[in-house]
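What follows is a short report on a single structure.
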């Protein structure tokens, strides 16, 4: 039984992965994002399952990342002022 793979175009990819095109292309070149491929000379697509797997892997990696501590507000020399509207 041959199952058809779902593909997504750039507009759907942008909805799933809110990164700039240049960031996605850079990550593709570095092997850190699923590679796109051409269906025709004018139609570029990504494999949906590969993109979903990448997102899930990022979620898992995010759970393992230690967050940077916030700034120590007690070390401020001045208080920030609110600008008049």
Which residues, taken from segment 33-54, are surrounded by fewer than 12 Cβ atoms within 10 Å (Cβ to Cβ) and over 17 Å from residue 4 (Cα atoms)?
-> 35, 40, 41, 42, 43
Is it the case that residue 54 is in contact with a helix residue (DSSP H, G or I) (Cβ under 8 Å, 6 or more places away or on another chain) and in contact (Cβ under 8 Å) with a residue 12 or more places away in the chain?
-> no
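A quick yes/no check of all residues on (1) touching a helix residue (DSSP H, G or I) at 6+ places or on another chain (Cβ under 9 Å); (2) surrounded by 11 or more Cβ atoms within 10 Å (Cβ to Cβ):
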| residue | (1), (2) |
| --- | --- |
| 5 | yes, no |
| 17 | yes, yes |
| 22 | no, no |
| 76 | no, no |
| 82 | no, no |
Could you tell me whether residue 67 is touching a residue at least 12 places away in the same chain (Cβ under 8 Å), in a loop (DSSP other than H, G, I, E, B) and exposed (fewer than 12 other Cβ atoms within 10 Å of the Cβ)?
-> no
Taking segment 32-47 on its own, how many of its residues are closer than 13 Å to residue 10 by Cα, free of Cβ contacts under 8 Å to residues at least 12 places away in the same chain and part of a strand (DSSP E or B)?
-> 2
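All of the numbers you see were taken from the coordinates with simple rules; none came from a lab. Source: prediction; values computed, not measured. Cβ coordinates were reconstructed from backbone atoms using ideal geometry, including for glycine residues, and neighbour counts include every protein chain displayed.
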